[in-house]
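J.: The structure follows.
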Amino acid sequence: MMRRTGFLLASLVAAVVLASAVALAVTPLYPDLKTLKPTDLRFATATINGSTHQVLRFSNTVWNAGQGRLELRAKTVKTTSGRKSRVSQRIYDDAGGYTSKNVGDMVYHASHSHFHFEDFAEYELWTRTEYDNWLASGRTQGQAQRRGTKTTFCLMDVRLVQSLPGSPASAQYATCGQTLQGISVGWGDKYRYSLPDQWIDLGTSRLADGNYALRSIADPKNRIYESANKSDTSRESPQANEAVTFFTVQGGTVTITG
């Protein structure tokens with residue numbers, strides 16, 4: 001009887017050790033956000049706060065170059081500021097499981113008629129000289145001439161940017177849902193220049209002739225987990241999630257350079 005009990009105990013210990021080893025072997029599959037260089041730059045006018053403004057319109061694409069999908073789940077809660085949902089990011093692993101991390105909020109975007117995740121992107125307009133000086137200072141001295149006001153986005157699969165291991169053949173996040181949004185591996189979320197608020201507000205006049213830099217940053221406040229505990233600066237930093245388009249303005253015409 002003691003031999004049998006000892007055998008059962010040893011088997012139980014072995015099972016626990018094996019289960020622990022399997023658990024330790026599970027690898028989280030994180031997304032890796034990248035930004036393509038803004039395209040389709042053009043001047044236009046827009047009505048902002050009841051008056052006509054000059055704007056610089058452009059198209060922007062944020063895509064997922066990671067091993068895992070970016071998936072956001074939202075749950076509506078009561079707040080004093082109106083319609084808002086608390087958002088958690090599901091981080092899937094190679095065993096089919098997942099963990100959840102709280103990452104922010106979704107808010108209702110009236111001009112787009114759907115819910116957007118807050119603080120997902122940032123746009124900066126620099127003169128080329130100021131931008132080069134900022135880089136030369138180690139990104140410590142100087143600031144953008146203007147910033148975009150639109151920082152909230154609906155995340156979805158708009159186009160396949162690059163076929164990677166784990167990339168689905170078709171869009172998996174195809175709607176701007178109130179409770180579920182995301183970007184699949186290899187897919188990008190493109191906001192075309194023609195969409196509302198997809199611009200830099202220039203005020204009452206267009207840009208003067210000269211050289212400029214348009215900088216786009218995905219997840220500038222580092223809300224999204226792209227690595228364990230957000231510890232990998234090669235993924236988590238604004239520099240890792242940025243793209244810059246250089247352009248000139250001559251006689252009211254925008255020309256992309258470089």
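Values in this text are rule-based calculations from the coordinates and carry no lab data. As the structure is a prediction and not an experimental result, all values here were calculated from the model. Because the Cβ atoms are built from the backbone with ideal geometry, glycine has one as well, and the counts that use them run over all protein chains shown.
J.: Identify, please: which residue in segment 151-186 is among the aliphatic types (A, V, I, L, M) and not in a loop (DSSP other than H, G, I, E, B) and is, among those, nearest to ASP94 (Cα to Cα)?
T.: Ranking the qualifying residues of segment 151-186, first place goes to ILE183.
J.: Quick one: TYR131 ticks every box in (1) closer than 25 Å to ASP105 by Cβ; (2) touching a Lys or Arg at 6+ places or on another chain (Cβ under 8 Å) except a single one, so which number is it?
T.: The one condition TYR131 does not meet is (1).
J.: Please pick out the residue among ILE224, ILE183, ILE256, ILE200 that is within 16 Å of PRO38 (Cβ to Cβ), aliphatic (A, V, I, L, M) and surrounded by 16 or more Cβ atoms within 10 Å (Cβ to Cβ).
T.: Criteria check complete, one pass: ILE200.
J.: Still on this structure, please answer the following. Check every one of the strands (runs of 3 or more DSSP E) wholly within segment 187-258 and list those with 3 or more residues that are within 24 Å of the chain's Cα centre (by Cα).
T.: Here the list reads 187-191, 199-203, 210-218, 242-250.
J.: Same structure again: Of GLY186, GLY166, GLY177, GLY251, which residue is in contact with a strand residue (DSSP E or B) (Cβ under 9 Å, 6 or more places away or on another chain) and on the phi > 0 side of the Ramachandran plot?
T.: Result of the check over GLY186, GLY166, GLY177, GLY251: GLY186.
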